[in-house]
Amino acid sequence: MFLFKSVYYLGILIYDNFVIICCVIFGILVVICYLIRYYALEMFSKLTFFTKLIRTITRENKVGEVMKKLALAVAVAAVVGGVSIANAETRTANAKATWDAKAVKDTNSMLVVTPLKSLTFNYAAGLERFNTQDGVFDITIAGQSGASDFKLTSKIISNTLSRATDDSELTVGVKWNGVDLSNTTETVMIDTAKGVTAGLGALATSTAFAGSDRTSAQGAFTFSIAEATSAGAATNFKDLTDGYWDGDVNIEFVATWDGTFTPTPPAP
């Protein structure tokens with residue numbers, strides 16, 4: 001009974017206010033239509049803007065600039081987003097090495113000595129000393145007709161290595177067949193009168209030193225770093241500051257022929 005009365009009164013209410021209800025519904029529809037029209041125009045205007053923008057970019061050849069801006073935007077986005085971008089690259093390094101070089105040819109001198117290799121000494125930490133080197137050399141003599149004996153000696157002229165960074169010096173030791181060369185006394189390498197020929201026997205024959213041709217032989221000194229000084233005082237190799245030393249090792253050779261020689265006629 002209650003439900004019936006409720007429906008009855010609701011029907012009377014709708015009937016009495018029908019015009020008002022229709023007006024409200026119509027107003028709601030008008031608002032909806034207006035909103036649809038507004039957003040439709042907004043979307044169309046944006047589409048038109050992008051269309052014009054693309055045409056302008058194409059007409060003014062600004063595609064490259066836009067691509068750069070897009071790339072920059074992507075990079076910024078990657079940084080902001082915590083994305084790591086790795087770029088492939090090539091790294092190069094250049095260095096220049098210089099050698100002091102000279103060329104000498106001597107086929108007329110009575111005695112010619114030519115070193116065949118350079119000397120490089122490297123420190124061996126486990127042994128607390130520098131390595132040794134075999135300094136091979138080529139020696140040529142011109143035979144002297146009438147000679148009966150031949151003698152060859154050698155002596156150190158200079159053998160010090162130094163550097164500009166400090167006052168340390170290294171002394172290069174030189175040995176011939178186990179005998180230390182000196183800078184004051186000549187070391188005999190060949191003496192045919194006493195039968196000393198070890199190491200250079202090819203030069204000790206009479207056909208070589210008393211012949212009419214040139215004869216060559218090869219020998220080798222044993223080089224080593226004999227001692228080190230710092231500020232003039234002896235020091236251990238292990239106490240030297242790391243670095244580079246350089247200098248010249250000069251050895252003087254003296255060849256002597258004894259005999260009765262025929263004087264060389266003067267040139268016409």
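Please treat every number below as a calculation from the coordinates, not as lab data. Being a predicted model, the structure only gives us computed values, none of them experimental.
Volume per residue of the convex hull around the Cα atoms, evaluated for segment 183-266, comes out as 199 Å³.
Relative intensity of segment 137-250 on a log10 scale, I(q)/I(0) at q = 0.10, 0.12, 0.18 Å⁻¹, equals -0.42, -0.56, -0.90, per a Debye sum over C-alpha point scatterers of equal strength in the absence of solvent. For segment 119-134, 3J(HN,Hα) computed residue by residue from phi via the Karplus equation (6.51, -1.76, 1.60; θ = phi - 60°) reads 10, 9, 10, 10, 6, 9, 4, x, 9, 6, 7, 8, 6, 9, 9, 8 Hz, glycine and proline entered as x. Based on alpha-carbon centroids, what's the gap between segment 179-225 and segment 121-152 in Å, whole number please? Cα centroid to Cα centroid, the span is 10 Å. Our summary gives segment 139-241 a relative contact order of 38 percent, counting only alpha carbon pairs under 8 angstrom and 6 or more residues apart.
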